[in-house]
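The values are calculated or read from the model by the stated rules, or taken from the named source; none is laboratory data. These numbers were taken from a predicted model, which means no experiment stands behind them. Neighbour counts are summed over all protein chains in view; Cβ atoms, including those assigned to glycine, are modelled from backbone coordinates with ideal geometry.
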């Protein structure tokens, strides 16, 4: 190794990889002035050698063999932006075992095998950094790991999927239907042709698992996360939300109770318009953190995109390169498995919209169902008359199981024509 | 030194110091599990030994001699929460020279002598961390130093003074006058009996100097910061701002132009209601960062208060203690003096509210003044008729000097009865 040169091997050269190589080229001088580190991209692994690339690389840098990059003695640090579980997992384990620090943006890998990788990093005595894997350019993992290292974190609530936030923003501000907003998102390239991973909450769920693991220091995997998507959110739900002073957002929530159990879930929720998360628009992301002494924090920014994500990768890369030179590293260590709180036992506030018969005694019957299941009502409003009569409830904190039982029994009542919507509410 | 015990000496035991000692007590076990570090508060320097304290300390821990704490061989790390320039400056220089890492929340000291302290930390080979000095509990300094280490930062715009944000929020949401809102802030303990440091922008100016130093890697001191306070903001200004879709906020702005010069200023400004900074209410703080590749970031949270500030100090303390054990440190190094852009040459958009005669040709005369000084107009509205006629302008980007010249010449015009308000605008 020459002086302060740190040689970087990049696995994957798609959107983020190409942006990173460009950014390192543009910023190399400034980084050297500030940190004394000279970053050099020496090897880049790509799937297809013959494809045209936005970024020009010298002869001998490109290869289609990712293992060659990992094992190259002329590579000091590995950046993984190829995505997917395999072969990324095997490659990164090899790199960490060989004492090469790793920077990765791979949420799928971390949400399923993060703890195995953290352990390999600890054993290899090197960094494994992954700021870009959750909420793109937003500094989140570093604040959770470092700034809040002494904090008792209660809950982290995030808007961590830009596609669904774009769709919900369109529905809220333009009155678009879910279908039209989705089509627009697809046209603009914000949503995939098969939008399932985004709209059904799988993507946000993977990010929630990583957030929970870092915030609470115990292994949470994607399969632990309860999720509901936004495909059931209607224009009518949004109109009712507005009338009551709320926006509807797809939230990823990770929380730890006093019993130490960790609950992680993704679902649409009503957020008061005065809450900082309500003002997060379009494809922006934000993460709201509640801790015992820190109070409330929110971190806001671009959750995706080549350049913003590359900026987060570069921050990690400079950190990892510096630590490598100083022969130190920061590790999450060997994490134990989290004790997961099942969805039935999670508690929260709920909004219920019911169509009812318009005659005396209806509220008495309906409220009896709530009482039987120990759900207390924070506010109730009647809307409309006759055939259009509705009762709209917001409950106090109740368990999911009690709410599901309440919902079931309400549907059995003769006076209830339909429960048109049940949705979680935060900060009511 | 025993095993992984890190012995902490605290200078000052007011609001933040007492909260820190309490927090360390509560969180020591969790911190040890997570980091392997056992934090022990071994010495605490206070001004008055006989005063009753919220926090109980064992015999021999308290002293009124701060130098004794710094020089105590049983103290590994120094936390300074006493405030003020001297004796803090001398004490911290001694600690750093002796190879003891320092964590400080002292904005006044850093805004005036930060660069001297950074150099001493570099020479001593130890950490000097100061997350709590700017925007309290909000992770800002760490993201600027680490997450954005590779980023070309263009501008940092912050609401970094909770007192003035509380006053402006009261004026905006309750229609309170400046005087009434200030009195309320004083009653609630948010504002000092002499509110000058807050309302005239000195406090925000000191923070802006620190932000600029860290964001741009060059020395900016409090005296470099142009500042205007909020005592001139009237209820009428706020009403006009609302009508045009803006909130008025006291902003601290640090920016670096393509010529490398750094401009730092504090002043009230009109912020579009859709801008994330517009929704920062009450005594909350937030910092908005614009960078070439990262795009827009915002970090939001509690800017003051014993516990939130202590949480930020504790995050730094764990970092410094860990680095001490690993015999490493992270430094800003020896920083050169920034080249400061004088206020006259700073550019931005402006709002101007003028009372004019209601007769043909007035706009022609008025717009001639703007043209003469090379100020182009983005939008104009006439309000009222006859005696109440007003012209309200929002300009395109213009230099402060041109705007001041425009203002001067407008006041000379016969058809202009008064320029009732001129205010900067962001994101118009």
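Screening A:274, A:213, A:279 for residues that are under 26 Å from residue A:116 (Cα atoms) and either crowded, with 21+ Cβ neighbours inside 10 Å or within 11 Å of another protein chain (Cβ to nearest Cβ) (or both) leaves exactly one candidate, A:213.
Number of residues in region B:293-307 that are surrounded by fewer than 24 Cβ atoms within 10 Å (Cβ to Cβ) and either more than 18 Å from residue A:138 (Cβ to Cβ) or more than 8 Å from chain A (Cβ to nearest Cβ) (or both): the value is 5.
Take the conditions (1) in contact (Cβ under 8 Å) with a residue 24 or more places away in the chain; (2) closer than 19 Å to residue A:141 by Cα; (3) in contact with a helix residue (DSSP H, G or I) (Cβ under 8 Å, 6 or more places away or on another chain); residue A:354 misses just one of them, which is (2). The set of residues from region B:103-118 being farther than 19 Å from residue B:12 by Cα and assigned to a strand (DSSP E or B) is empty.
Could you tell me whether region B:351-359 includes any residue that is assigned to a helix (DSSP H, G or I), touching a strand residue (DSSP E or B) at 6+ places or on another chain (Cβ under 8 Å) and either under 30 Å from residue B:41 (Cα atoms) or more than 9 Å from chain A (Cβ to nearest Cβ) (or both)? Walk me through it before giving the result.
Filtering region B:351-359 for residues assigned to a helix (DSSP H, G or I) gives none.
Looking through region B:351-359, none of the residues is assigned to a helix (DSSP H, G or I), touching a strand residue (DSSP E or B) at 6+ places or on another chain (Cβ under 8 Å) and either under 30 Å from residue B:41 (Cα atoms) or more than 9 Å from chain A (Cβ to nearest Cβ) (or both).
For region B:69-86, the criterion of being surrounded by fewer than 22 Cβ atoms within 10 Å (Cβ to Cβ) and free of Cβ contacts under 8 Å to residues at least 24 places away in the same chain is satisfied by at least one residue.
Taking the options A:28, A:45, A:66, name whichever one is within 11 Å of another protein chain (Cβ to nearest Cβ) and touching a strand residue (DSSP E or B) at 6+ places or on another chain (Cβ under 8 Å). Don't jump to the end; show me each part of the working.
On the way: A:45 fails: within 11 Å of another protein chain (Cβ to nearest Cβ); A:66 fails: within 11 Å of another protein chain (Cβ to nearest Cβ).
Being within 11 Å of another protein chain (Cβ to nearest Cβ) and touching a strand residue (DSSP E or B) at 6+ places or on another chain (Cβ under 8 Å) holds for just one of A:28, A:45, A:66, which is A:28.
Cβ-Cβ distances below 9 Å connect the following pairs, each with a first residue in region B:191-212 that is at pLDDT below 95, a second residue that is surrounded by fewer than 18 Cβ atoms within 10 Å (Cβ to Cβ), and a separation of six or more residues or different chains: B:191/B:183; B:191/B:184; B:192/B:186; B:193/B:186. Only one of the numbered conditions (1) touching a residue at least 12 places away in the same chain (Cβ under 8 Å); (2) closer than 24 Å to residue A:239 by Cβ is violated by residue A:174, and that is (1).
Restricting to strands (runs of 3 or more DSSP E) lying wholly in region A:237-316: which have 1 or more residues that are out of contact with any helix residue (DSSP H, G or I) (no Cβ under 9 Å at 6 or more places or on another chain)?
Details: elements: A:246-256, A:262-272, A:284-291, A:295-302.
Hits in region A:237-316: A:262-272, A:284-291.
Can you tell me which residue among B:278, B:312, B:254 is outside the structural domain of residue B:227 (by TED's automatic domain parsing) and either at pLDDT below 95 or under 17 Å from the mean Cα position of the chain (by Cα) (or both)?
Values: B:278 fails: outside the structural domain of residue B:227 (by TED's automatic domain parsing); B:254 fails: outside the structural domain of residue B:227 (by TED's automatic domain parsing).
Result: B:312 is the single residue among B:278, B:312, B:254 that is outside the structural domain of residue B:227 (by TED's automatic domain parsing) and either at pLDDT below 95 or under 17 Å from the mean Cα position of the chain (by Cα) (or both).
I need the full set of residues from region B:320-350 which are assigned to a loop (DSSP other than H, G, I, E, B), more than 14 Å from every other protein chain (Cβ to nearest Cβ) and surrounded by fewer than 16 Cβ atoms within 10 Å (Cβ to Cβ), in order please. Of everything in region B:320-350, those that are assigned to a loop (DSSP other than H, G, I, E, B), more than 14 Å from every other protein chain (Cβ to nearest Cβ) and surrounded by fewer than 16 Cβ atoms within 10 Å (Cβ to Cβ) turn out to be B:339, B:342. Quick check: is even one residue across region B:153-168 touching a strand residue (DSSP E or B) at 6+ places or on another chain (Cβ under 6 Å), within 11 Å of chain A (Cβ to nearest Cβ) and more than 15 Å from residue B:315 (Cβ to Cβ)? Taking every residue of region B:153-168 in turn, at least one turns out to be touching a strand residue (DSSP E or B) at 6+ places or on another chain (Cβ under 6 Å), within 11 Å of chain A (Cβ to nearest Cβ) and more than 15 Å from residue B:315 (Cβ to Cβ).
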